[in-house]
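The values are calculated or read from the model by the stated rules, or taken from the named source; none is laboratory data. No experiment lies behind these values; they were computed from the predicted model shown. Reconstructed Cβ throughout: ideal geometry from the backbone, glycine too, with neighbour counts over all protein chains shown.
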Amino acid sequence: MSDLFSTPQAKAGKPEISEPLAARMRPRTLDDVLGQDHILGEGKLLRRAIEADRFASLIFYGPPGTGKTSLANVIARTTGSRFESLNGVESNVAEIREKIAQAKMNRDLRGETTILFIDEIHRFNKAQQDVLLPHLERGTVRFIGATTHNPYFYVNSPLVSRSQIFQLEAVDETSISNLLEKAIADPERGLGKMPITADPEAILHLAKLSDGDVRKALTALELATVGSTSAVHITLEIAEESIQRKAVHYGDDGHYDTISAFIKSIRGSDPDAALYWLAKMLHAGEDPRFISRRLVIAASEDIGLADSGALRVALDAHHALEFIGMPEGRIPLAHATVYLATSPKSNSAYAALGAAIKDVETGRTLAVPEHLRSPTSKKLTGKPEDSMKYLYSHDYEGHYVPQSYLPDGRTYYQPGEQGMEKRIKERLDFWKNSKFKSQNPKGETD
């Protein structure tokens with residue numbers, strides 16, 4: 001038989017491939033979906049709704065490559081529904097109406113349910129999104145939208161109000177590493193028919209540098225095998241080339257030890273040490289965005305209210321880095337590092353939040369005092385609005401009036417004496433020790 005129509009892969013003795021590896025390795029069941037146990041774990045709301053086939057409209061949002069499209073496919077497979085898809089960049093109103101008309105016909109003639117999946121739903125304008133609304137109300141289709149943007153800001157309110165919204169998170173390195181090893185071994189959907197071996201450090205590098213994006217990791221793995229006609233051995237050097245990022249080499253102290261030393265030097269007010277660890281990370285090829293994110297955290301965690309300007313400096317450095325890129329991006333990083341290291345320090349706000357969270361988590365929840373509740377709430381409970389009157393601070397001298405905002409007057413925030421926080425402490429002490437009686441807007445004593 002002639003091999004006129006044989007593919008180059010078949011002629012080379014390799015499996016004939018029609019789809020990219022990332023598409024072939026898509027999950028088939030809910031258990032195959034990686035890194036989303038917070039919404040798909042046993043007993044979780046979304047999993048129960050899917051398994052019971054009791055859901056209407058869903059919106060998934062999260063970073064690229066976290067499995068939004070894959071999860072929509074799995075839902076269709078699990079519920080036995082037809083799967084139709086559109087893209088917010090390419091599709092228009094006519095295509096939406098065509099898909100909905102087809103779904104209605106399949107429902108009426110065959111009793112089939114259709115899931116209409118719209119990727120990048122935030123790209124649709126208001127008119128395009130509004131076309132969906134009456135058909136969601138009638139149950140003509142089950143809508144699943146996907147977006148990398150927060151739907152509460154980028155999707156129309158009527159569509160959001162008709163949908164359950166779930167956030168997908170970046171997939172952890174261990175899960176991605178396991179999937180890459182599975183892809184290498186799988187002869188059906190992966191690369192198992194090819195003689196491939198991969199060093200552990202190469203797999204780890206691909207997983208780490210994919211930034212939680214499963215598609216990116218699988219694409220890089222596939223790229224590492226392109227052009228080979230014999231056995232493939234994926235080394236760290238090949239992995240670096242396929243994902244276009246060098247591995248970070250710190251020697252024995254490691255990635256986490258160095259960033260730890262960097263942050264502790266800032267906390268310890270040693271700008272020279274902080275600059276050294278910054279230089280070491282940049283020389284080793286560390287992702288500068290990782291460094292800038294840690295600077296933003298340190299600005300609130302360690303400097304805090306002693307100098308609130310530190311947070312603005314750290315954020316400005318992060319945005320400047322994104323704007324100008326490297327190598328010039330190291331200049332605003334150095335700027336922020338020195339500013340934070342030489343700033344007065346306070347972790348009072350961070351500590352206060354921790355104390356409040358501990359109370360909430362241990363079940364010490366408090367009811368909202370009557371005078372702080374909304375007028376609507378007071379009407380619903382039948383209690384008179386002036387039973388315990390709320391005092392509007394701006395109506396009083398100094399825009400302050402003594403008033404209880406917690407039922408038992410707990411104190412979480414303990415201001416320090418460093419930097420600008422000393423002034424905050426003085427202000428709070430003045431209010432706390434204030435001896436004057438509250439005055440009503442007319443200046444009369446209450």
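Taking region 190-200 on its own, how many of its residues are surrounded by fewer than 16 Cβ atoms within 10 Å (Cβ to Cβ) and touching a residue at least 12 places away in the same chain (Cβ under 8 Å)? Steps first, please.
From region 190-200, those surrounded by fewer than 16 Cβ atoms within 10 Å (Cβ to Cβ) are 192-193, 195, 197, 199-200; that's our starting set.
Remaining after also requiring touching a residue at least 12 places away in the same chain (Cβ under 8 Å): 193, 195, 197, 199.
The total comes to 4.
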**Fill in**
Expected single match for surrounded by fewer than 18 Cβ atoms within 10 Å (Cβ to Cβ), of a type in the set (V, I, T) and within 30 Å of Q129 (Cβ to Cβ) among T148, T235 is T148
**Asked** Out of all the residues in region 311-355, which are over 23 Å from A279 (Cβ atoms) and among the small types (G, A, S)?
**Response** S346, S348, A349, A351, A352, G354, A355
**Message:** For region 255-313, give me each residue that is among the aliphatic types (A, V, I, L, M), touching a helix residue (DSSP H, G or I) at 6+ places or on another chain (Cβ under 8 Å) and closer than 12 Å to L333 by Cα.
**Reply:** A274, L275, L278, M281, L282, I291, L295, V296, V313
**Request:** Check whether at least one residue in region 270-280 is farther than 22 Å from M420 by Cβ and within 21 Å of the chain's Cα centre (by Cα), and report yes or no.
**Result:** no
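Is one or more of the residues making up region 179-192 among the small types (G, A, S) and under 30 Å from A101 (Cβ atoms)?
No.
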**Message:** Going by what's in this entry, would S70 be described as surrounded by 18 or more Cβ atoms within 10 Å (Cβ to Cβ) and within 25 Å of S210 (Cα to Cα)?
**Reply:** yes
**Item:** Residue satisfying condition, being farther than 25 Å from L86 by Cα and either over 21 Å from the mean Cα position of the chain (by Cα) or of a type in the set (V, I, T) (or both), within set A127, A202
**Value:** A202
**Subset of region 106-164 (residues that are of a type in the set (A, V, I, L, M), touching a residue at least 24 places away in the same chain (Cβ under 8 Å) and outside any strand (DSSP E or B))** = I121, A127, V131, L132, L133, L136, V141, V155, L159, V160
**Asked** Going by the conditions given, is L218 modelled with pLDDT under 90, under 22 Å from the mean Cα position of the chain (by Cα) and of a type in the set (A, V, I, L, M, F, W, C)?
**Response** no
**Prompt:** Do you know which residues across region 201-242 are under 19 Å from F290 (Cβ atoms), in contact (Cβ under 8 Å) with a residue 60 or more places away in the chain and of a type in the set (K, R)?
**Reply:** K216
**Fill in**
Within region 84-99, restricting to residues that are within 18 Å of N73 (Cα to Cα) and not in a strand (DSSP E or B), the one that is farthest from the chain's Cα centre (by Cα) is K99
**Pair list, Cβ under 6 Å, 6 or more apart: region 33-59 residue without any contact (Cβ under 8 Å) to a residue 60 or more places away in the chain, other residue of a type in the set (G, A, S)** = V33/G67
**Message:** Exactly one of these conditions fails for A146: (1) assigned by TED's automatic domain parsing to the domain that holds P63; (2) at pLDDT below 90. Give me its number.
**Reply:** (2)
**Asked** Among P332, P384, which is the only one that is more than 28 Å from the chain's Cα centre (by Cα) and either outside any loop (DSSP other than H, G, I, E, B) or at pLDDT below 80 (or both)?
**Response** P384
**Prompt:** Does region 26-44 hold any residues that are touching a helix residue (DSSP H, G or I) at 6+ places or on another chain (Cβ under 7 Å) and closer than 12 Å to T66 by Cα, and which are they?
**Reply:** R26, P27, V33, L34, G35
